[in-house]
Amino acid sequence: MQIANTKKELQKQIAEVALSPVGLVPTMGALHEGHLSLIRKSIETTPLTVVSVYVNPTQFNDKEDFNKYPRTIENDLSLLKNILRDNDIVFTPTDKEMYPEKDTREFHFGNLDNVMEAVHRPGHFNGVGQIVSKLFENVKPDMAFFGLKDFQQVAVVKNLVKQMGADITIVPCPIIRESDGLALSSRNRLLDPEIRKAAPAIYKTLCTAASMFPDTKVSDIKKFVDENISMTKLLKTIYFEIVDDEDLIPLSDSSPILNKSYYGCIAVLAGKIRLIDNVIMNQ
Ligand code: AMP
């Protein structure tokens, strides 16, 4: 594997390898099996994979969250060394490299700006738009791999590709979970042991909610989720919405259920740590 710390090095290495299609896997590091599954998928599909490892400050709406976000670059590089091929590239830029000056661009994602993560983390997707567009411009990938764990992010990135007029295929990849059901997340390592023990209730609750859909009223499913999550006293629901996978418009009791895929999406406060997860509601 090759390492690039600057955009110049990155572009030089990509040009020298001269293989296509090029696959991109953007990450913020603290790598786990969820990230590795995306990287494996990219390796399977493309002869050249670029993995970026960069904790992007502009997508954090909470300074404390940014400061305590785990940074484990040595461990990340040794995991990457085990799976990447000689030509594949790890891009590990500094803040100065990615933001030589303040990025004042504003991104708008239509209805995606009005629901779930966008409402509860103002500015988050603007930051995602800023960093992902910079990565797309510098790597010029043919394909980019994103995890469905960040369900709304997948929709945002698809929308970004359209806005940029770029010819990039977004490949959504399934959620990888611990054996007890907890979705893998870099933030899981910040959970207190007691809260970590309670956290599988998130996925369990989502699965039960899916089994209630569509026969039970949406408001009753929401009530069930809220009550079930808070039963442990260690977890608190920030939001739970049932949305379609195109426009992500939340269902209410009066919404018609169309011939679409619906996802139950949740954000939970686990102690001080914010976790998100989702399941398909209509298999
Ligand atoms: P992050 O480092 O949290 O920005 O995540 C980088 C990429 O890995 C994103 O596309 C995430 O959706 C994806 N990812 C994170 N956790 C998981 C998981 N448990 N399963 C699948 N993909 C994941």
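The values are calculated or read from the model by the stated rules, or taken from the named source; none is laboratory data. In this text the structure is predicted, and so the values were computed from the model without any measurement. Note: ideal-geometry Cβ built from the backbone for every residue, glycine included; neighbour counts use all protein chains shown.
Hey, among THR169, THR216, which residue is out of contact with any Lys or Arg (no Cβ under 8 Å at 6 or more places or on another chain), within 22 Å of MET281 (Cβ to Cβ) and surrounded by fewer than 16 Cβ atoms within 10 Å (Cβ to Cβ)?
THR216
Here SER254 clears all of (1) under 25 Å from LYS158 (Cβ atoms); (2) assigned to a loop (DSSP other than H, G, I, E, B); (3) at pLDDT 95 or above except the condition numbered (1).
With respect to GLY34, determine if the residue is out of contact with any Phe, Trp or Tyr (no Cβ under 8 Å at 6 or more places or on another chain), surrounded by fewer than 16 Cβ atoms within 10 Å (Cβ to Cβ) and not aliphatic (A, V, I, L, M). No. Residues in the range 7-42 that are outside any loop (DSSP other than H, G, I, E, B), touching a helix residue (DSSP H, G or I) at 6+ places or on another chain (Cβ under 8 Å) and under 26 Å from ASP277 (Cβ atoms): GLY23, LEU24, VAL25, PRO26, THR27, GLY34, LEU36, ILE39, ARG40. For the range 250-283, a residue qualifies if it is surrounded by fewer than 17 Cβ atoms within 10 Å (Cβ to Cβ), farther than 27 Å from SER186 by Cα and in contact with an Asp or Glu (Cβ under 9 Å, 6 or more places away or on another chain), and the qualifying residues are ASP253, LEU258, LYS260, SER261. Remark: pairs (first residue in the range 170-185, under 19 Å from ALA30 (Cα atoms); second residue more than 6 Å from the ligand (Cβ to nearest atom) and assigned to a strand (DSSP E or B); Cβ separation under 6 Å; 6+ apart in sequence or on different chains) = CYS173/PHE145; ALA183/ARG177; ALA183/ASP277. The one condition from (1) touching a Gly at 6+ places or on another chain (Cβ under 7 Å); (2) closer than 20 Å to ASP247 by Cα; (3) outside any helix (DSSP H, G or I) that PHE146 does not meet is (1). Using the structure shown, decide if VAL154 is β-branched (Val, Ile, Thr), in contact (Cβ under 8 Å) with a residue 60 or more places away in the chain and either assigned to a loop (DSSP other than H, G, I, E, B) or closer than 23 Å to GLU241 by Cα (or both). It is false that VAL154 is β-branched (Val, Ile, Thr), in contact (Cβ under 8 Å) with a residue 60 or more places away in the chain and either assigned to a loop (DSSP other than H, G, I, E, B) or closer than 23 Å to GLU241 by Cα (or both).
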